[in-house]
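Report on the following structure.
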Amino acid sequence: MREEMVQREEAELRRSHQKPRSPEGWGLLLVLWYLAFYKPVITEGHLRRKNIEFIFIRFSAWQYAGCDKLWAGLVTTLCDSIRHHFGALPLSVYHVMGTRPRFASGFSQKEWVLKKGTCLKLWGMLFVLAAGLSILLVALLVPGIKDHHALKVVGSAVTSLSGSSLVLGALSVLKNLLVSEKQKIERLTNSERFTSQLGFMSKVRNEVEVLVDFLAFMEIFERRRLRVVLEITSLDICYPEKVAGVLNAMNTLLSDANTPFIFILAVDPSVIVPCLEQTSCMKGLADNGYLYLNRTVTLPFSIPEMGARSRLQCLEAAVQTREDLMYRIITSNVERRRAKCQGVPVVPSRQEADAEAVRCIHEAFRCLHDSADALARYLPTNGAHVRRIVNTIPITLRLLLHRAGTPDTPSPRAAAAWVVLADQWPCRLSWALQCLEDAWQSQPAPDFGTRSLWSIFQENVGELSSLRQQLHNVLSLDEDPELFQTFLAGDFPFTARDAHAFLGVTVNLDHSIRHKMGLLRGLDRLQKAAAPPVSRGVQCPH
């Protein structure tokens, strides 16, 4: 959008040879002059302008999640951002003296029309003020005039009446300058009579309409089109009622035909739709949240899955944020060089252990970043999951090195693969670990440690299927089941011994999932044991 702004600006400059104006510096004085004495006119030439400026506003719904009315936070963010972009003074003067733009009559190309009424009133007040001051000065300074007391009274009265109008106008501007639109709306929402104020919505809507008219005025002044782009994020971590409130605010307050607003609704529909279906806003839509979203969103854009190159770029960007890894390598090199120069024997220390840990971490990241490695194919397409993996691998490897000393210490590549496995399939991995723990407690065979984790999972997958209703929410956390089979059965055939070595250092797996599975599995076995046996003479209906 920024590139489009630059391209359109250059094309419009070549076409019309008119540079856009800005309300800064001398432009501020010019816009105040136009606000006071001119009325804007929308001409055919203005409608032909193709240059455009996008005003980007980011609204994080999570910041206002504690408010009673989340949509009020959306409106106040809009008002405050526009006030900050153009300045408080032009908007305050517009509240007092501004005029809504009107369309030109005929083929006139004049974009500004003098406010004759305002000018006549101003000149009239100045003339009366001058006359009153003259009368007052004559009464005070010229000696020998009869009834000078009466002249003083008349002069004072005329001066006060004419000057009070100018003072009231200045005070109105000062009031709007000190009290912003955001403060007005917050004052309304904080009122104890908030729920009983029947005219509350109309007041908020009036504030939004003033902003829309002000933007139309600034379009003509700046000689370009203006569009306010609101990016709404973090809506899918708010309560259902507040999600519906924000969408209703978009539809009712800010979505008129001529409003210059563009909404970018960055949400996860799988989270938003159940929230909408739990609220009362779905009446008349057959409780279908997808239908409501389709009627609200005019340009759907579902981000496609990342390809292999994009996933590696995302991984590289996440790794580059871990500057502490490179810092420890440099520190250890400096310590070794200093000890060598001073003739001090190099003794393995904590710095050496850190250097070894960093070496293993870099080796693990290299395997993830190598497109020829099978591990790179299992990188998630979600940026948040990539960052979780990048943050978890160093902790896992440091814990492994802290427990080092056994001959079967896993390699950095295996540790990275285990972290990916726990992040992508937490439910299936927890089930396999629970079955492994139960089998280990029942005195397994001596060669049980060499059995593959996939074979253990496959033996007990029927029992997991019978518990899918109780574990529905946990099962939804897993990614593609076919990839799980390819991962464990082919590319990374972890054994029971490997799982036992990794279990103590697995920090990115919620162990409460495995605990819940253990309880459900025990209850299921108790129910089967308590069921009455079927007699041989009676045929089972199943």
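The values are calculated or read from the model by the stated rules, or taken from the named source; none is laboratory data. If you're wondering where the values come from, they're calculated on a predicted model, not measured in any experiment. Please note: Cβ atoms are built from the backbone with ideal geometry, for glycine as well, and neighbour counts cover all protein chains shown. Each accessible area value is taken on the protein alone, full model and side chains, heavy atoms only, with ligands, DNA and RNA left out. Shrake-Rupley method; radii C 1.70, N 1.55, O 1.52, S 1.80 Å.
See the values below:
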quantity	calculated
Qualifying residue in the stretch 216-231 (condition: modelled with pLDDT under 75 and among the β-branched types (Val, Ile, Thr))	no
Residue match in the stretch 484-492 (condition: among the β-branched types (Val, Ile, Thr), within 40 Å of the chain's Cα centre (by Cα) and open to solvent by less than 20 Å² (accessible area, probe 1.4 Å))	no
Residue satisfying all of: in the stretch 213-243; under 18 Å from Gln63 (Cβ atoms) and among the aliphatic types (A, V, I, L, M); surrounded by the most Cβ atoms within 10 Å (Cβ to Cβ) among these	Val243
Any hit, the stretch 401-418, residues being in a helix (DSSP H, G or I), at pLDDT below 85 and not basic (Lys, Arg)	yes
Unmet requirement for Ile185, which otherwise passes all of (1) at pLDDT 75 or above; (2) open to solvent by less than 30 Å² (accessible area, probe 1.4 Å)	(1)
Residue identified as modelled with pLDDT under 70 and surrounded by 15 or more Cβ atoms within 10 Å (Cβ to Cβ) among Val158, Val128	Val158
In the stretch 17-68, residue most open to solvent (accessible area, probe 1.4 Å) [restricted to those that are of a type in the set (A, V, I, L, M, F, W, C) and within 17 Å of Val228 (Cβ to Cβ)]	Phe56
Residue count for the stretch 242-271, restricted to those that are more than 14 Å from the chain's Cα centre (by Cα) and at pLDDT below 85	19
Leading residue by the ranking (nearest to Arg497 (Cα to Cα)) among those in the stretch 367-384 that are in a helix (DSSP H, G or I) and modelled with pLDDT under 85	Leu368
Only listed residue being open to solvent by 40 Å² or more (accessible area, probe 1.4 Å), closer than 30 Å to Asn391 by Cβ and not β-branched (Val, Ile, Thr), chosen from Glu479, Glu459	Glu479
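This table checks each residue for (1) outside the structural domain of Leu78 (by the TED database); (2) assigned to a strand (DSSP E or B); (3) touching a residue at least 40 places away in the same chain (Cβ under 8 Å); (4) on the phi < 0 side of the Ramachandran plot.
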| position | (1), (2), (3), (4) |
| --- | --- |
| Glu209 | no, no, no, yes |
| Glu219 | no, no, yes, yes |
| Leu226 | no, yes, yes, yes |
| Glu231 | no, yes, yes, yes |
| Leu247 | no, no, yes, yes |
| Asn258 | no, no, yes, yes |
| Phe263 | no, yes, no, yes |
| Val271 | no, no, no, yes |
| Cys275 | no, no, no, yes |
